[in-house]
Amino acid sequence: MILQALVSHYEDLMRTGKIAKPGWEKAKVSFGLNLSDDGKVTGLLPLKVSRNVGNKTVDAPGLLEVPQPVKRSSGIKANFLCDNSTYIMGIDEKGKPERSLLCFEECKNLHHRILDTVQTPLSRAILLYFESWRQELLEENSFLADNKEELMSGANILFYVNGKSVLEDNSIRQAWQKYYDQSESGLTGICSVTGKKAALANLHPTIKGVAGAQAMGTSLVSFNAPAFCSYGKEQGANASVGEYATFAYGTALNELLGDREHRRLVGDATVVYWAEGGEKIYQDITCAALFGTEDEGITDQDLSAIFSKVSKGEKIQIDEQVLQTDRHFYILGLAPNAARLAVRFFYTDSFGNMLKNIAAHYERLRIVRPQNERLENLPIWRLLSETVNKNAKDKSPSPQMAADTLQAVLTGRNYPASLLNHAMLRIRAEKEVTYGRAAIIKAYYLKNRNKGCSKEKGVLEMELNENCTDVPYTLGRLFAVLEHIQQEANQGINATIKDKYFNAAASTPSHIFPVLINLAQKHLRKLNDRPRLKAYFENQIGELALIIGERYPVRMNLPEQGAFQLGYYCQTQKRYQKKEEK
């Protein structure tokens, strides 16, 4: 299913001219080796481009469409026209001069096999270069010697002749295409992706751009040990995928992973997403919906309007383009796993259903915001960050929890228990019910209705529910009032009852609240010179005590602690809201 979706995406992009045809691939190229008509090296052309990385501008290799590179795990295999200095120039970069000479000879023979029948000035210049080049000439050319260190580091080099790229020669391109089309593994069968009889791939393409994976690329499909093989078959024969399909899915996936604007990290999974037809606007909206609107040119108001139209079944129009909500949409999460990639999740649904699920998720999260909170909707990265210790060196959320949470958001299924557990753990550790953690508690119990916190009790409301008679929720409110009394009585204090008693009050209120009430009476006596404020607090304590009753609960379970924390959070925010109104 994953490979079929990627092959379809490749064909969508190829129809619009946005991706390389079979036999070609975009590769990072640092230099152009400029030749004269007689094959002599006349210069080194810089092909790097300036790119913004964070707050810095760096020079990075340019992305050029070149003949498809071979996959090199071991052995000597040369690339056509574009390769590193070991193959193009025979430079010894690993202390193995004999092997470097063999690499150069292999590259020379490959170019002869492809270009011997091509009679153009550019092809003759390349062949004359291979006949005349000697490694000793490297030191004689100052422009090569000055860049020797970078050349030896593995930077890719592309041939140029008199300042003109050899890829502009149609005869050379046609010769490569003919060579590529005729080169088959020798193994034929029914391709499991296309369903057609075709030459089967022996090796699958290298996938680059997955965070944490090998920098040189990793395979999504590979068989590199006898334990992974069966029925005496070797390598790609164990997965009957045609050479066209392997090229197509590999090219499409590398294109998605190379798109920095739409590639995101969730836990340890690198997430890419695309719509049927390959139109970028669907990616833009999904990126804004899941990961925030700051970098997509789509505001929170735009996103709210899109969610509203989807829920009502109305058409969505962006810049005079009407979006098709029934269009298939795909989201793929890949994580590093030893020498290959692991699929964390693969989600497919219609674009409209996906947006409905995301909109419902944001509605469940909706809770009163602090005055300094600018985000109306909590994107997935912000939600997951609420489960992480802010002082930890590694601020990455649990990989499995992150993947399960994203899947729950996309599919509309119940949230994983690990999301609530991690949020509650941070509350207990930091004694802080933040906006995001309160939203997680509310959303979790709204969606997972059989887990204890019932909506009928009025606990799971967006703002403070002063008519709620739920005892744990009211205890949270009472704790916030007692903390407020302490702060008014001892203005400027650094630590409050929250720092010492919050966790115990949430779990064993019968042991703690008598102590807190007694402490509050002492604090109230300090407010004798402010009788109106003192009376206000006494009335609040009395009203809440009537709801709680004569006895405090001996112990509260996890859902009841969640209600306590929501009550505390909403009561505290109500206090700050009143200050803003004044």
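The values are calculated or read from the model by the stated rules, or taken from the named source; none is laboratory data. Keep in mind it's a predicted model, so treat the numbers as computed, not measured. Here the Cβ is made from the backbone with ideal geometry for all residues, glycine too, and neighbour counts use every protein chain on show. Only protein heavy atoms, including side chains, enter the accessible area calculation; ligands, DNA and RNA are left aside. Shrake-Rupley method; radii C 1.70, N 1.55, O 1.52, S 1.80 Å.
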TODO: Scan T469, T405, T387 and give me the residue that is open to solvent by less than 50 Å² (accessible area, probe 1.4 Å), polar (S, T, N, Q) and either touching a His at 6+ places or on another chain (Cβ under 8 Å) or in a loop (DSSP other than H, G, I, E, B) (or both).
DONE: T387
Open item on the list: Between A392, A359, A429, which is small (G, A, S) and either in a loop (DSSP other than H, G, I, E, B) or without any contact (Cβ under 8 Å) to a residue 12 or more places away in the chain (or both)?
Closed with: A392
- [ ] Go through segment 46-80 and give me each residue that's in contact with a strand residue (DSSP E or B) (Cβ under 7 Å, 6 or more places away or on another chain), more than 21 Å from F247 (Cβ to Cβ) and of a type outside the set (V, I, T).
- [x] P46, L47, K48, S50, R51, D59, A60, P61, G62
TODO: Mind listing whichever residues of segment 16-32 are in a strand (DSSP E or B) and open to solvent by 40 Å² or more (accessible area, probe 1.4 Å)?
DONE: E25, K26, K28
TODO: Among the numbered conditions (1) open to solvent by 10 Å² or more (accessible area, probe 1.4 Å); (2) closer than 27 Å to L101 by Cβ; (3) in contact with a helix residue (DSSP H, G or I) (Cβ under 9 Å, 6 or more places away or on another chain), tell me where L13 comes up short.
DONE: (2)
TODO: Among what's in segment 329-351 and is in a strand (DSSP E or B), open to solvent by 10 Å² or more (accessible area, probe 1.4 Å) and free of Cβ contacts under 8 Å to residues at least 60 places away in the same chain, pick the residue that is nearest to L410 (Cα to Cα).
DONE: S350
TODO: Would you check if G43 is in a strand (DSSP E or B), touching a strand residue (DSSP E or B) at 6+ places or on another chain (Cβ under 7 Å) and crowded, with 19+ Cβ neighbours inside 10 Å?
DONE: no
Open item on the list: If a residue must be at pLDDT below 90, among the small types (G, A, S) and either open to solvent by 40 Å² or more (accessible area, probe 1.4 Å) or more than 25 Å from S8 (Cβ to Cβ) (or both), how many such residues does segment 169-194 contain?
Closed with: 4
Task: Which numbered condition D59 misses (of (1) surrounded by fewer than 20 Cβ atoms within 10 Å (Cβ to Cβ); (2) modelled with pLDDT of 90 or more; (3) within 23 Å of M152 (Cα to Cα)) - done: (2)
Task: Check on V66, of a type in the set (V, I, T) and either at pLDDT below 90 or under 16 Å from V41 (Cβ atoms) (or both) - done: no
Task: Given (1) in contact with a Phe, Trp or Tyr (Cβ under 6 Å, 6 or more places away or on another chain); (2) loosely packed, with under 13 Cβ neighbours inside 10 Å, number of the condition L6 does not satisfy - done: (2)
TODO: May I ask you to say which residue of S132, S123, S165 is polar (S, T, N, Q), under 43 Å from the mean Cα position of the chain (by Cα) and open to solvent by less than 50 Å² (accessible area, probe 1.4 Å)?
DONE: S165
Task: Pair list, Cβ under 9 Å, 6 or more apart: segment 267-278 residue open to solvent by less than 10 Å² (accessible area, probe 1.4 Å) and at pLDDT 90 or above, other residue charged (D, E, K, R) and assigned to a loop (DSSP other than H, G, I, E, B) - done: T270/R263; V271/R263; V272/D259; V272/R263; A275/R327
